[in-house]
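Structure record follows, encoded as structure tokens.
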Amino acid sequence: MLNREQIVSQLNNSRFAVTVVEQTQSTNSDLKALALSGAPEGTTLIVERQTAGRGRRGRTFASPEGGLYLSTLLRPAQPVKPGRITCLAAVAAARAIESLCDVHVDIKWVNDLYLNGRKVAGILAEGVLSPAGELTAVVLGIGLNVSGTLPEELSSIATTLQQEGATLTREDVAAAFLNEWERVYTAPPEEGMAEYAKRNLVLEREITVVQGDATYPATALAITPAGHLRVRTADGERELSSGEVSVRL
Ligand code: BTN
């Protein structure tokens, strides 16, 4: 079982108040409910496994034992788009992993972390609206494949830290992430966004854009300060704020 003390004892001046439980459906769903009942910024939930982990675009996120499933509740002082939170958290997660072992972590627009060409983590930032329709909080969730066995159907596209030779405890990874996340979240966002662009493995590559039912080829040109992807298509340049891209690695 995850040891809460081992996580908390490694945190630097943290704004994050950590609760560890064995199982839940989705840490993001739990925190969205807590946000609506007034839980403060920094409320953090970490679980051993999720029975209904959620990814972007309504997908399920496989959450077997051995992974780190963590969500934090943010109540940003300035209005902020969840998309930008996604980018900044991806930078924090990449830095955290690299601080613990000798690997290089790439980011794939918009919310995936890659290690040696395969996905090792995914991020899901969700806005929470008050009954009056105002953005009252953002829930930032990360699922990081630390160890354990991933479902067979993911074996060609996903990996774990352990599979890539980095045997780390989930406690160490959780603490490193929360420390980096605090740093990136409180720094000027331009710094994090510059690093997000630098780590992004789609830039200057030929990609396939998937938006709803449409799929088309494009060249990835740049990441904008808002975290959008500027692409060149057969019809000219355009900016993508959502959607998904695939790239041959
Ligand atoms: C993705 O890859 O599309 C994003 C995956 C995000 C998964 C994390 S695990 C913790 C938190 N709770 C969820 O239900 N989802 C996020």
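The values are calculated or read from the model by the stated rules, or taken from the named source; none is laboratory data. This is a predicted model, so every value here is computed, not measured. Cβ sites come from the backbone with ideal geometry, for glycine too, and all protein chains shown count toward neighbours. Side chains included, ligands, DNA and RNA excluded: accessible areas come from the protein's heavy atoms. Shrake-Rupley method; radii C 1.70, N 1.55, O 1.52, S 1.80 Å.
In percent, what relative contact order does the chain have, based on Cα pairs under 8 Å that are 6 or more apart in sequence?
About 18 percent, as a whole number.
Quick check: convex hull of the Cα atoms in segment 1-139, volume per residue, rounded to a whole Å³?
125 Å³
Can you work out ³J(HN,Hα) from phi for every residue in segment 226-241, in order, using Karplus 6.51 cos²θ - 1.76 cosθ + 1.60 and θ = phi - 60°, giving whole Hz and x for Gly and Pro?
7, x, 7, 9, 8, 10, 10, 10, 4, 9, x, 8, 8, 10, 9, 9
Can you figure out the FRET efficiency of Gln10 with Asp235, using R₀ = 51 Å and their beta-carbon distance, to the nearest 0.05?
Efficiency computed from Cβ-Cβ geometry: 0.50.
With all protein chains present, calculate the accessible area of Lys32 using a 1.4 Å probe and round the result to the nearest 10 Å².
Here the residue's solvent-accessible area equals roughly 60 Å².
Taking a point 7 angstrom from the Cα of Gln23 along the C-beta vector, which residues in segment 135-153 have backbone N less than 13 Å away?
Under cut-off, by backbone N: nothing.
Segment 180-215 to segment 54-81: how many Å between their Cα centroids?
16 Å
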